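This report concerns only the one structure given below.
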Amino acid sequence: MSSKSNATHPPLPVPGAAAACFRAHRGELVNAVAQRMDHHPRIQALLGGNRLRLMDTTRRHHAAFMAEAMEGDDVALVERTLAWVYATYHNQGVSFDFFLSEWQTWQQVIAEILPAGEAGAIQPVYQWMVEHHDDLIEAARHYKARRVSVRPCWEEDYQYIVDQLIQGNTVGVIDRCHGLLLDGMSYESLLQNLFYPAMVDVGARWEAGQLSVTLEHQTTAMVYRVLAALYYDQPFPETDRGRGLVSPVSNEFHEMGSWMLAVSLELDGWDITLLTADTPPETLVATVLEERPRFVALSVTLVGNVAEARATVASLREALGADDTTPIVVGGQAFREAPQLAQSVNADLYLESAMAAVDWARGLGDPP
């Protein structure tokens, strides 16, 4: 990106006290920004006919992401994420100028709500976003959504599955997958090598404005139905490897990764407790203390929720005690986006896929 001020890239990190202050007040900041933007004289034109609530969730995610980003120095992650936001929402009809007004509003409420010293340390980050608005638009125009490569031998099956998922042909997808399973493909491989890339592709099509958010959600629901139907046809092993616990962290509403991991582990002989999206940390800790699993696996999709993982791991360690050796592992898209954050949560291990997690869990050996 070209430089329009002394800062070619976002001026990160900010002082720790300022980042902590922003994190502590982010709910108040979000509400103040929302109230002002909702009454912006050009808000309908800026939203391109979309409803006001379109940006509500995105604004909360932005605050959580920025709280995490301010404590690190991964400027490439910030620039890439901003380009994604600009590209994705512009493809939904939102004007690029919405974001310029949004960043300027953030500057105003930060100055009014946070103490002067902390606000002064944070303002340069938003000033960079304002000054580099045109650069971010250019980055958005060149943004390419992430996709996952598929082996050539499965390309035809993959394309069929993606197309039929979007068309809503549940029976066709199930029949195709039954054929693959009969030909020797494992259920775990089906998840990892076909359905995971398919869901990434569906998300990329939404980002590009090719699918509505409603159709994206319908497709996700259909995937659950397809995989559940196939799951109960699988031969469940007689091996009893013990109990494990899998859960998204608090504030995380993406469940597909946790679900895929849980069923993969179950088909490998584990008795898995799968907690739901946005499980409160106190509920997770209480469940772990009650069930005493051999391991705990936490899933994080959004970078802004890494702090939730960090807090959950700390709560688990405190509750279990210093002498407890229960492994706590993490995984999910957040750590693929920002691998350096995996170490910051103080987990025992980061596992990049469900299949990697299954292989790792086998290494724990037989239950005592």
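Things worth noting here:
- Read-out Cα Rg over 2.2 N^0.38 Å, derived from the coordinates shown; its label in (i) 1.13; (ii) 1.00; (iii) 1.06: (iii)
- At 1.002 mPa s and 20 °C, Stokes D of segment 128-216 from Kirkwood alpha-carbon radius, µm² per second: 144
- Average accessible area per residue (Å²) across the chain - probe 1.4 Å, nucleic acids and ligands excluded: 46
- Whole-percent carbon and sulfur share, accessible surface of the chain, 1.4 Å: 51
- Hydrodynamic radius (Kirkwood) for segment 26-173, which is based on Cα pairs only, to one decimal in Å: 17.5
- Residue list for segment 30-57, given a label point 7 angstrom along the Cα-to-Cβ vector of residue 97 and an amide N cut-off under 12 Å: 41-48
- Extension gain for residue 20-residue 131 works out to 37.5 nm (0.36 nm per residue, less the C-alpha to C-alpha distance).
- Per residue, the average separation of C-alpha pairs within less than 8 Å and at least 6 apart gives segment 89-188 a relative contact order of 17 percent.
- Spin-label zone in segment 270-284 - amide nitrogen under 18 Å from a point set 7 Å from the Cα of residue 311 along the C-beta vector: 276-284
- Across all directions, the shadow cast by the convex hull of segment 10-103 built on its C-alpha atoms averages 5.7 square nanometres.
- Calculated FRET efficiency for the pair residue 291/residue 239, C-beta based, R₀ 22 Å, to 0.05: 0.70
- For residue 216, the shell of other residues with beta-carbons less than 10 Å away shows a net charge of 0, using +1 for Lys and Arg and -1 for Asp and Glu.
- Length-normalised contact order of segment 309-363 in % [C-alpha pairs under 8 Å, at least 6 apart]: 39
- Spin-label model, residue 346/residue 44: points 7 Å from Cα along the beta carbon direction are separated by 5.2 nm.
- With the simple model of a label 7 Å out from the Cα in the direction of the Cβ, residue 9 to residue 76 spans 0.8 nm.
- For the options 13, 339, 152, a Gaussian network treatment of the chain with springs between C-alpha atoms closer than 10 Å singles out 152 as fluctuating the most.
- Spin-label pair residue 171-residue 356: with each label point 7 Å from Cα along the Cα-Cβ axis, the two points sit 4.0 nm from one another.
- Under 16 Å from a label point set 7 Å out along the Cα-to-Cβ vector of residue 104, the amide N atoms of segment 26-69 belong to 33-34, 36-47.
The values are calculated or read from the model by the stated rules, or taken from the named source; none is laboratory data. Computed from a prediction, not measured in an experiment: that's the story for all the values here. Ideal geometry is used to build each Cβ from the backbone, glycine not excepted, and the neighbour counts take in all protein chains shown. Heads up: the accessible areas ignore ligands, DNA and RNA and are worked out on the full protein's heavy atoms, side chains in. Shrake-Rupley method; radii C 1.70, N 1.55, O 1.52, S 1.80 Å.
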